[in-house]
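Here the structure comes first, spelled out in structure tokens, and everything after it is commentary.
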Amino acid sequence: MNFDISHLLEHWDYSPGQPAVRKFTGRDGVEKIQLRVDLGLLQMNAEGRPDGKHPLGHASLYDYYQSKLYKHLAANKGSDDGFKLSPDDCAKLQLEAFQYHNRYNCLLQLKEYAAVVRDTERNIAVFDFVEKHAENDDMAWALQQFRPQLLMVHTRALAGESLASHDYAAAIKQIEDGLTKIREFYRENSRGDVPEQSSELSYLKTWLDEISAQRPLSKRERLERALDEAVSNEDYEKAAQVRDELRNLKTTE
């Protein structure tokens with residue numbers, strides 16, 4: 001067996017700061033994703049657990065620990081008292097979440113927004129699970145500290161889907177919701193003010209401004225702008241016509 005992958009990299013140069021991602025179907029018929037890195041490449045399955053494994057007979061470690069919780073609830077009349085994740089459990093879940101992190105960042109580059117939403121929502125559920133059941137706050141924080149970045153990617157995917165269908169209003173609302181969730185996280189987990197200059201908040205605020213500027217105007221907004229322009233130019237006849245159009249528009253809505 002030839003383990004040398006040089007032939008795979010010969011025509012796929014690595015450029016620092018320029019992510020290179022491709023998707024293809026493997027010999028096993030399963031869709032794969034490859035990410036070019038400086039010393040080679042990362043390969044993962046496009047669906048299911050990224051490494052294709054089924055730990056302890058489950059689709060993922062998260063599924064395994066969920067099954068343990070369900071058994072605990074069944075044995076304790078629906079109470080989760082006494083169900084705790086050990087440091088080793090939390091570490092394993094964090095490593096698995098990092099696999100999904102690598103994949104959803106690749107999927108974002110491929111603009112496969114629905115798949116990004118799928119993977120980010122999965123990791124959000126894992127973060128919530130660990131936060132609730134970790135033996136102590138320090139263990140939970142080891143994962144929770146990455147929540148703002150996760151929420152930012154989740155928001156980018158949701159808004160990206162909306163923009164792909166030219167739904168600017170939905171995209172703007174999704175970005176505003178994402179900003180709110182990230183601010184709430186910082187507010188709940190810091191003693192000082194919300195760091196508005198955090199990379200996640202800065203990116204989403206800049207993107208929100210760009211989308212707002214690009215958003216096509218509604219008919220009412222076009223008429224209101226035309227009215228302001230007519231008044232500024234002292235074209236009162238035009239202003240009266242536009243005002244009538246606005247009045248008729250409002251009565252038909």
Self-check item: Under 5 Å, built H, 5+ apart or other chain: amide partners of LYS32
Solution: PHE24, THR25, GLY26, ALA46
Quiz prompt | Residue among ASN102, LEU249, GLY17 farthest towards the positive dipole end of the chain, charges placed on Cβ | solution = ASN102
Quiz prompt | the stretch 55-95-the stretch 117-182 distance, computed between alpha-carbon centres (Å) | solution = 22 Å
Practice problem: Note down the relative contact order for the chain as a percent, whole number, built from C-alpha pairs under 8 angstrom at least six residues apart. | Solution: 10 percent
Practice problem: Using only the alpha carbons of the stretch 80-196, determine the length spanned along each of the three principal axes and report them from longest to shortest in whole angstroms. | Solution: 48, 32, 24
Self-check item: With Cα atoms, 0 to 90° folded angle of helix 168-189 axis to the chain main axis
Solution: 50 degrees
Practice problem: Taking only Cα atoms and a 10 Å spring cutoff, compute GNM fluctuations for the chain and point out the largest among ASN45, ASN123, ASN136. | Solution: ASN136
Quiz item: Taking only Cα atoms, what is the 0 to 90° angle, nearest 10, from helix 61-75's long axis to the longest principal axis of the chain?
Solution: 80 degrees
Quiz prompt | the stretch 1-140 - percent relative contact order, Cα under 8 Å, separation 6 or more | solution = 17 percent
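Filter the trypsin sites (Lys or Arg not before Pro) in the stretch 177-226 down to the DSSP loop ones having no more than 15 other Cβ atoms within 10 Å, then list what survives.
Numbers: sites: LYS181, ARG183, ARG187, ARG191, LYS205, LYS219, ARG220, ARG222, ARG225; in loops: ARG191.
For trypsin sites (Lys or Arg not before Pro) across the stretch 177-226 that sit outside H, G, I, E and B with at most 15 neighbouring Cβ atoms in 10 Å, the list reads ARG191.
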Exercise. Could you work out which residue, out of TYR70, TYR104, TYR186, moves most in a Gaussian network model of the chain, that is, has the largest mean-square fluctuation with Cα springs under 10 Å?
Key: TYR70
Quiz item: Considering only protein heavy atoms and a 1.4 Å probe, what is the carbon-and-sulfur percentage of the accessible area of the chain?
Solution: 49 percent
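Ordering LYS71, LYS84 from largest to smallest accessible area (1.4 angstrom probe), what's the sequence? Before the final figure, lay out the partial values.
Working: LYS71 145, LYS84 115 Å².
Putting LYS71, LYS84 in descending order of accessible area: LYS71, LYS84.
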Quiz prompt | Dipole of the chain, positive direction: furthest Cα of GLY160, MET1, ALA240, with charges on the beta-carbon | solution = MET1
Quiz item: Averaged per residue, what accessible surface does the stretch 170-253 expose to a 1.4 Å probe, in Å²?
Solution: 70 Å²
Practice problem: Quick one: among SER190, SER162, SER232, which has the greatest mean-square fluctuation in a GNM of the chain with alpha-carbon springs under 10 angstrom? | Solution: SER232
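The values are calculated or read from the model by the stated rules, or taken from the named source; none is laboratory data. Keep in mind the model is a prediction, meaning the values are calculated, not measured. Note that each Cβ is placed from the backbone with ideal geometry, even for glycine, and that neighbours are counted across all protein chains shown. These accessible areas exclude ligands, DNA and RNA; they are computed on the full protein's heavy atoms, side chains included. Shrake-Rupley method; radii C 1.70, N 1.55, O 1.52, S 1.80 Å.
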